[in-house]
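Chemist: Take this structure, written in structure tokens, and hold onto it; I'll ask about it next.
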Amino acid sequence: VTTVYELLKQRLAAYTPEAAAKVTGVHPDNIRSIALSFAKAKPAMIFTGYRMCKWLHGDLLQRAFMLLLSLTGNLGKGGGGLQLEN
């Protein structure tokens, strides 16, 4: 028995910046640089709007934001998290 968090970390270990680059077309060095910047920022917050939910797959985008905040320890802390604006 293990936690969902541990299972997620195991699954994401194989998802490298090089693998993401094949899907997104963004250079792996850029992905790595932005990911490290966000992970080191304490606290870090994502500002977005409510309209995101109206986009195709906007719910998945919100989940990705929450996942990023959770994995970097920025969810549930003062000054960090997800800020939705009109």
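Only the coordinates and a few stated rules stand behind these numbers; no lab work does. Keep in mind it's a predicted model, so treat the numbers as computed, not measured. Neighbour counts are summed over all protein chains in view; Cβ atoms, including those assigned to glycine, are modelled from backbone coordinates with ideal geometry.
Chemist: According to the Kirkwood expression over distinct Cα-Cα pairs, how big is the hydrodynamic radius of the chain, in Å? Walk me through the numbers before you get to the answer.
Modeler: Working: mean 1/r = 0.0697 Å⁻¹.
14.3 Å is the Kirkwood radius here.
Chemist: DSSP loop (so not H, G, I, E, B), at most 13 other Cβ within 10 Å: list which trypsin sites (Lys or Arg not before Pro) in region 37-86 pass both filters. Don't skip to the answer; put the middle values down first.
Modeler: Numbers: sites: K40, R51, K54, R63, K77; in loops: K77.
Taking region 37-86 and a limit of 13 other Cβ atoms within 10 Å, the loop trypsin sites (Lys or Arg not before Pro) found are K77.
Chemist: Round to the nearest 0.05 the FRET efficiency obtained for Q10 and I34 when R0 = 22 Å and r is the Cβ-Cβ distance. Mind dumping the intermediate values first?
Modeler: Values: r = 23 Å, r/R0 = 1.04.
Plugging the Cβ-Cβ distance into 1/(1 + (r/R0)^6) gives 0.45.
Chemist: Can you show me the helix-derived [θ] at 222 nm for the chain, built from DSSP H runs with n ≥ 4 at -39,500 (n - 2.57) apiece and divided by the number of residues, rounded to the nearest 500. Spell out each step's value before the answer.
Modeler: Numbers: 4 runs with 45 residues, N = 86.
When only DSSP H runs of four or more count, the value is -16000 deg cm²/dmol.
Chemist: R0 = 30 Å: FRET efficiency of A20 with Y50, Cβ-based, nearest 0.05? Can you show the working numbers first?
Modeler: Numbers: r = 27 Å, r/R0 = 0.91.
The pair A20/Y50 has a calculated efficiency of 0.65.
Chemist: Roughly speaking, what is the stretch gain from K42 to T3, that is 0.36 nm per residue apart minus the C-alpha to C-alpha distance, in nm to one decimal?
Modeler: Here the segment from K42 to T3 would lengthen by 11.6 nm.
Chemist: Give the shape of region 1-44 as rounded, prolate or oblate, defined through the alpha-carbon gyration tensor: a ≥ b ≥ c are the square roots of its eigenvalues, a/c under 1.5 means rounded, and otherwise the shape is prolate if a/b is larger than b/c and oblate if not.
Modeler: Values: a/c = 3.61, a/b = 1.30, b/c = 2.78.
It comes out oblate by the Cα gyration axes.
Chemist: Would you tally the net charge around L61, using a Cβ to Cβ cut-off of less than 14 Å, leaving L61 out, and scoring K and R as +1, D and E as -1?
Modeler: Values: positive: R51, K54, R63; negative: D59.
Here the count lands on +2.
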